[in-house]
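Student: Dumping the structure here so I can ask a few things about it.
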């Protein structure tokens, strides 16, 4: 008989078998992250609107762990849940399906309205699992490009400033206005998602945020975030207005200058969001610089919609060739 339960510190020794398939550094980080999650008992009982840390669940058959899933509430909007980790043994895809359905049911009952996951382009079976078995929709893709042989010192850095919480509404408007996806409502972000989280200091990563203003009307025309989880690999995410010509060379020069002021050895990656109006122009720039795309991830989303309240005591009857409504 199988059951699903919250990950606890007593499960960590069993999880180590899963970590053996990772490299030595990844294995240590993986185990450390799980150990931190397992001891956050109090957080598990928070209402959804107060959750901000990852939570993991495991499926057991007797004492054997068949799989594990980890979810993370979106910073600034905990009602949007991101599935960050899904592991199961021996190609038991049904175990993966049950774990996904479990978290959707659990967090949906707590008020979650959206679930998302990004899946590497090479994981065809996992893609089919979420699409065909779990009811997710494919929105678009995100590419990760490695920055190499870029002499940032030859370009004057763009005049970014640190993003303030008071900028959140304008940044949100900029981001949302540049979305082009067919499933745009699923990708919209509210202003609180661009504010600095109160508990950011105890998350598994840190992010620096900056904005670039148009000088005449003080309109925000670019938003920049620099994220790292290991203080060595830095992901730069750029959102720009399609109505302005903004130099990517100068943006990149600013970002690398910020990083190099704190680190001497680091690696830079640029995120390309294929669902924005500026994606094609950005990709042309990336090719022109000789950067290489090292990863493509599919963005999948599953939404919960609140049904319209129907009139009570109304029974819909469907007949061949016609529809009728019978009222009790």
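Please treat every number below as a calculation from the coordinates, not as lab data. Bear in mind the structure is a predicted one, so any value in this text is a computation, not a measurement. For neighbour counting, all protein chains shown are included, and Cβ atoms are generated from backbone atoms with ideal geometry for every residue, glycine included.
Student: Per 10 Å bin from zero, what fraction in whole % of the C-alpha pairs of the stretch 86-128 is there, up to the bin with the longest pair?
Tutor: Percent of Cα pairs in each bin: 24, 49, 24, 2.
Student: Give the distance, in whole Å, between the Cα centre of the stretch 85-119 and the Cα centre of the stretch 146-173.
Tutor: When both Cα centres are located, 35 Å separates them.
Student: For the stretch 224-253 and the stretch 28-71, write down the distance between their C-alpha centroids in whole Å.
Tutor: So the separation of the two Cα centres works out to 32 Å.
Student: While we're on this one: With each label point set 7 Å from Cα along the Cα-Cβ vector, what nm distance links residue 257 and residue 131?
Tutor: It works out to 4.4 nm between the two label points.
Student: What is the distance, in nm, between label points placed 7 Å from the Cα along the Cα-to-Cβ direction at residue 60 and at residue 110?
Tutor: Calculated label separation equals 2.0 nm.
Student: While we're looking at this one, here's another question. Mean residue ellipticity at 222 nm from the helices of the chain, using -39,500 (n - 2.57) per DSSP H segment of n ≥ 4 over the full residue count, to the nearest 500 deg cm²/dmol?
Tutor: Theoretical 222 nm ellipticity from helices: -7500 deg cm²/dmol.
Student: On to the next question. Work out, step by step, the length gained on full extension between residue 153 and residue 230: first 0.36 nm times the residue separation, then minus their alpha carbon distance; give nm to one decimal.
Tutor: Additional length available on full extension: 25.2 nm.
Student: Now for a separate question. Taking a ≥ b ≥ c as the square roots of the Cα gyration tensor eigenvalues, with a/c under 1.5 meaning rounded and otherwise prolate when a/b beats b/c, else oblate, which class fits the stretch 145-297?
Tutor: It comes out rounded by the Cα gyration axes.
Student: Take the Cβ-Cβ distance between residue 94 and residue 46 as r, set R0 to 30 Å, and report the resulting FRET efficiency rounded to the nearest 0.05.
Tutor: Given R0 = 30 Å and the Cβ-Cβ separation, E is 0.45.
Student: Something else about it: Using 0.36 nm per residue, how much length does the chain from residue 85 to residue 183 gain when fully extended, once their Cα-Cα distance is taken away?
Tutor: Difference between extended and current length: 32.9 nm.
Student: Something else about it: For helix 168-177, what angle does its Cα long axis make with the longest principal axis of the chain, in degrees from 0 to 90 and rounded to 10?
Tutor: The angle comes out near 80 degrees.
Student: For each of 138, 287, count neighbouring Cβ atoms within 10 Å of the residue's Cβ, then give the residues from fewest to most.
Tutor: Neighbour counts put them in this order, fewest first: 287, 138.
Student: Can you sort 125, 37, 193, 101 by how many other beta carbons sit within 10 Å, fewest first? Present the calculation step by step, with values, prior to reporting the outcome.
Tutor: Values: 125 9, 37 22, 193 17, 101 14.
By the 10 Å Cβ count, ascending: 125, 101, 193, 37.
Student: Additional query: Treating the angle as unsigned and between 0 and 90°, give the value, to the nearest 10°, between the Cα long axis of helix 24-38 and the longest Cα principal axis of the chain.
Tutor: Value to nearest ten degrees: 60.
Student: Return the FRET efficiency for the residue pair residue 265, residue 196: r is the Cβ-Cβ distance, R0 is 25 Å, and the value is rounded to the nearest 0.05.
Tutor: Efficiency, from the Cβ-Cβ distance: 0.40.
Student: Cα axis of helix 248-260 to longest principal axis of the chain: angle in degrees, 0 to 90, nearest 10?
Tutor: 90 degrees
Student: Here are some values of mean projected area of the Cα convex hull in nm²: (i) 20.6; (ii) 16.2; (iii) 22.8. Which one was computed from this structure?
Tutor: (iii)
Student: Please work out whether the stretch 1-154 counts as rounded, prolate or oblate from its C-alpha gyration tensor, where a ≥ b ≥ c are the square roots of the eigenvalues and a/c under 1.5 means rounded, while otherwise a/b larger than b/c means prolate and anything else oblate?
Tutor: Rounded shape, in that the Cα axes give a/c under 1.5.
Student: Using a Förster distance of 22 angstrom, determine the FRET efficiency expected from the C-beta separation of residue 219 and residue 144, and round it to 0.05.
Tutor: About 0.15, to the nearest 0.05.
Student: Let me ask something else. Which of 182, 174, 252 ends up with the largest GNM mean-square fluctuation for the chain, with Cα atoms connected below 10 Å?
Tutor: 182
Student: Another question, if that's okay. Fewest first, what order do 217, 43 take by the number of other Cβ atoms within 10 Å?
Tutor: Values: 217 7, 43 14.
Lowest to highest Cβ neighbour count: 217, 43.
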